[in-house]
Amino acid sequence: MSDTTYRFRQADRTLFQRLFEAPAVGKMSPAAKVVAYTLLAVWSVFVLFPIYWVIITSFKDAAAVNQGPYYLPFIDFQPTLDAWRTQFTEDPNCNVAAIGRQFGLLAHNSVAFVLSPFVTIEPMEPQICKIYLAFTNSVVISIFSTAICVLVGSMAAYALARIQYAPKFGNIMTFVLLLVGVIIATTYYGVAWWASSAVALAMFFFLVRAIGRHYKMKLKNGDILFWIISQRILPPIVVVIPIYVMFQAVKLLDTHIALIMLYAVANMPIVVWLMHDFFASLPIELEESAQLDGATRLGIFWEIVLPLTRPGLAATTLLILVLSWNEYLFAVFLATVKVQTMPIMVAAKNAGEKGIFWWEMCAVIVVMIIPVIVMAILLTRFISRGVLSGAMKG
Amino acid sequence: MAFPDDTRQPGTVPAGVPLRDRLGEWVDRHARTFFIAPCVTLILIFAIFPTIYSIFFALSRVRFTGSGLKFRYVGFRNFAKQFFGSAEVHFLGRTEPVTLFGYAVFAVIVIAVLWWLIRSIRRTTWVGMIGRTISAAMAIFLAWILCASFISGNAIGTLYTTLFYVIVGCAVQFIIGTGLAFLCSQPISGKNFFRVVFFIPLMITPLGVGYAMRMVADVSKGPIEPILNLLGFSDWIWSADAWSARFIMMIGDSWQWIPFIFICMLAALENVPRDHVEAAQVDGASSVQIFREITWPQVVPVAVTVLLIRMIEAFKIVDLPNIMTGGGPGSATESMTLNSMYIWRANDLGGSAAIAYLLLILTVVVCASFFNYVVLGQLRKARS
């Protein structure tokens, strides 16, 4: 068959035949392309429509929400800023300077808390309106808890990737049994928690040597890593009631520190799990040569290892930041008045007597999701570089 | 002659070094403790200690008094209440009239589970056998509840509502998420745009998702309302029927969590070597064949791991039912976490802790079974 007949037949095919011909290598057939783009477009609409609806509803007034669905601003309805105005400027305390004041107040109160054993400083009461209060609370809590979580978690992940651990199983069981003893003593016999803890700790140090000599079964790094990661299975509802009581006992209920610590611990398994893979994939020679030059472990971690894993660290940090920004259950239980976060404030708007003011609610939701969507766009850039894929190798 | 200032070797502290250096040396010798201690301490204080403490709540009747909490030991009464007592219908569902079909399905499941257990006696160690017995017991218990409630035409309780979100929700999310990831891993243009768009819902707070879904699904003034009218559903209210409420909840949950499956599966699919696929294409394999024979076997280990992570998170669902229906109609959309939360609000701390513990046991057994029999099996197959 000559070249010309081949070309002729190529041009002579009907549209239908062209649609279903075998594709070139590394390409898709036209029919498959049509199907693929249709599905992707449909899914994009499904994903984006609720977000679009929330955003336009925040610019509607009561009539435009209640009289039925209006889809397009300026055509179906006249957008107004009423919802935003009532949320952000109606109250005389609601102005942008209030956010600055709130941060100053938080600093003052934390200093007062830290110095409370030595000096009595009266904590300041918040003066600003609810939305700014919730916003600053959310910002402070998520940033600090993320910082603690990522720092502590990546230190543990690094140690598990590089240093051999072999704690004795018997010692751990002793520790747990003494913990149970402490709880029984304080719960049923009314012993002060610090006294029983001190006795238990002393007994633990006394027993460690005796037990270590007899029961030699040891845990390895993999076991410890698995133990830390498996903490994610624990449903938060199991721990939240005792934690409520614990915080009540040490007067930490309704403080920022409580939520910061809780969020940090809840997200710790994710950090350890993700960062362990990044650290394990680093070449060990770098650290060994640094050690020969006299660098300390902490120095190696801080100056060599962390900068090398910066992309992974950034992705993990953003992920944890988003998770603690969105956290709901712990906040519902533990944040009653002063440390209400954004999710709690939005949920509380549900309980109005005249029904829900959807337009105001939507304005708050938009404020809540804008920082997060920015982070989502940043995070996909990291992920598309194949950073998180390292953690998914199994 | 100039000597370098600091000539000491690691591990040796000569006499006369300043205190600061000696302290640094001490820190370095105990570096392994300093690295792991904060993490382990925090987990012990905020996860292990409360988990143990929670047992004491679950076994007691707890009262708030002026001087603190008063515990009165009541044994397993808080747990028994969920299975045989006042909360039975709420927790397990209505299990009373069991139909013949229900008994038949139950018998088939029991025989299958026991057959699996007996067959595995020869293969595993006795530790493995204990684990398998626990899994089998849980499977038979769940099968009985399912056959007595749902299959016999009775209402289901919070136990199976939670499992519905986990099993059906995860299956739907996995299928759609993997499908989207497969589409996005094909040579199409605008990949990055779709990747960003599909990723966004994962980052939005579940609470915002709940309200957005509630608005979109609103039957009197929501955006879907004209379409529903066109289809003849003008007087239909989704939140008044148990199953439609559950399905709307599941759609909201899927809207949020499909991106997670999508992004992980996309990473896995893009790690599949391009030349394997192209070689198969040159050999004339159809795209279905390529997916089944080449791509899928390479991503299965990641797929089961992702599914496990998603399952673990799905057991904790609380915000969406709380916001969208408040657990209603009746208790149709209440997950176990939400149930526990409501009981906590009614000041029954013991009952709340008991439900939380049942959720913990359920989660651990289901997830550990899935991990041992599916994930480890697939990982082993991939390594060999």
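The values are calculated or read from the model by the stated rules, or taken from the named source; none is laboratory data. Fair warning: this is a prediction, and the values are worked out from it, not measured in the lab. Neighbour counts run over all protein chains shown; Cβ positions are idealised from the backbone, glycine included.
With the requirement that a residue be exposed (fewer than 14 other Cβ atoms within 10 Å of the Cβ) and closer than 26 Å to B:Met129 by Cβ, what does region B:71-111 give you?
Within region B:71-111, B:Ala107, B:Val108, B:Ile111 qualify.
Could you go through region A:245-265 and let me know if any residue there is away from chain B (no Cβ under 11 Å), in a helix (DSSP H, G or I), within 19 Å of A:Cys149 (Cα to Cα) and aromatic (Phe, Trp, Tyr).
Looking for residues that are away from chain B (no Cβ under 11 Å), in a helix (DSSP H, G or I), within 19 Å of A:Cys149 (Cα to Cα) and aromatic (Phe, Trp, Tyr), one finds none in region A:245-265, hence no.
State yes or no: is A:Ile237 within 13 Å of chain B (Cβ to nearest Cβ), surrounded by 15 or more Cβ atoms within 10 Å (Cβ to Cβ) and at negative phi?
yes
Just a yes or no: is a residue in region B:182-200 free of Cβ contacts under 8 Å to residues at least 24 places away in the same chain and out of contact with any helix residue (DSSP H, G or I) (no Cβ under 9 Å at 6 or more places or on another chain)?
Yes, that holds for at least one residue.
Can you list the helices (runs of 4 or more DSSP H) found entirely within region A:1-99 that contain at least 2 residues being at pLDDT 85 or above and facing another protein chain (nearest Cβ under 9 Å)?
Filter on region A:1-99 gives A:30-57.
Report yes if B:Val40 is surrounded by 12 or more Cβ atoms within 10 Å (Cβ to Cβ) and under 30 Å from A:Phe226 (Cα atoms), otherwise no.
So B:Val40 passes the test.
Might you check whether a residue that is within 9 Å of another protein chain (Cβ to nearest Cβ), crowded, with 17+ Cβ neighbours inside 10 Å, in contact with a helix residue (DSSP H, G or I) (Cβ under 8 Å, 6 or more places away or on another chain) and not hydrophobic (A, V, I, L, M, F, W, C) occurs anywhere in region A:182-196?
yes
Hey, which of the helices (runs of 4 or more DSSP H) in region B:294-384, taking only ones fully inside, have at least 2 residues that are buried (at least 22 other Cβ atoms within 10 Å of the Cβ)?
Output list reads B:296-314, B:319-324, B:336-345, B:349-370.
Look at region A:333-343 and say how many of its residues are in a helix (DSSP H, G or I) and surrounded by fewer than 22 Cβ atoms within 10 Å (Cβ to Cβ).
Residues meeting the conditions: 2.
I need the full set of residues from region B:35-45 which are more than 7 Å from every other protein chain (Cβ to nearest Cβ) and over 24 Å from the mean Cα position of the chain (by Cα), in order please.
B:Ala37, B:Thr41, listed by residue number.
Being within 7 Å of chain A (Cβ to nearest Cβ), more than 21 Å from A:Ala348 (Cα to Cα) and of a type in the set (Ser, Thr, Tyr) is the filter here, so list the residues in region B:208-226 that pass it.
none
How many of the residues making up region B:236-280 are among the β-branched types (Val, Ile, Thr) and at pLDDT 85 or above?
Adding up the residues that qualify gives 5.
For residues in region B:114-139 being surrounded by 12 or more Cβ atoms within 10 Å (Cβ to Cβ) and not in a helix (DSSP H, G or I), which is modelled with the highest pLDDT?
B:Ser120
(1) closer than 28 Å to B:Phe164 by Cβ; (2) modelled with pLDDT of 90 or more: which one isn't true of B:Ser86, the others all being true?
(2) is the only condition that B:Ser86 fails.
Suppose we keep only residues that are among the hydrophobic types (A, V, I, L, M, F, W, C) and within 8 Å of chain A (Cβ to nearest Cβ) within region B:46-63. Which one would you say is surrounded by the most Cβ atoms within 10 Å (Cβ to Cβ)?
Only one residue tops the list, namely B:Phe57.
Name the helices (runs of 4 or more DSSP H) wholly inside region B:223-282 in which the number of residues that are farther than 30 Å from A:Lys27 by Cβ and within 19 Å of the chain's Cα centre (by Cα) is 2 or more.
B:242-271
Taking A:Val119, is it more than 29 Å from the chain's Cα centre (by Cα) and β-branched (Val, Ile, Thr)?
Considered against the rule, which asks whether it is more than 29 Å from the chain's Cα centre (by Cα) and β-branched (Val, Ile, Thr), A:Val119 comes out as yes.
Look through region B:184-193, keep the residues that are surrounded by fewer than 22 Cβ atoms within 10 Å (Cβ to Cβ) and either hydroxyl-bearing (Ser, Thr, Tyr) or assigned to a helix (DSSP H, G or I) (or both), and return whichever of them is nearest to the other protein chains (Cβ to nearest Cβ).
By that ranking, first place goes to B:Asn192.
If you go through region A:149-171 one residue at a time, how many are part of a helix (DSSP H, G or I) and either more than 10 Å from chain B (Cβ to nearest Cβ) or within 22 Å of the chain's Cα centre (by Cα) (or both)?
Total satisfying the criteria: 14.
Of everything in region A:208-235, what is touching a Gly at 6+ places or on another chain (Cβ under 7 Å) and of a type in the set (Ser, Thr, Tyr)? Give them in sequence order.
Answer for region A:208-235, where residues must be touching a Gly at 6+ places or on another chain (Cβ under 7 Å) and of a type in the set (Ser, Thr, Tyr): just A:Tyr215.
Considering only region A:297-320, how many residues are at the interface with chain B (Cβ under 10 Å from one of its Cβ atoms) and of a type outside the set (D, E, K, R)?
Residues in region A:297-320 being at the interface with chain B (Cβ under 10 Å from one of its Cβ atoms) and of a type outside the set (D, E, K, R): 6 in total.
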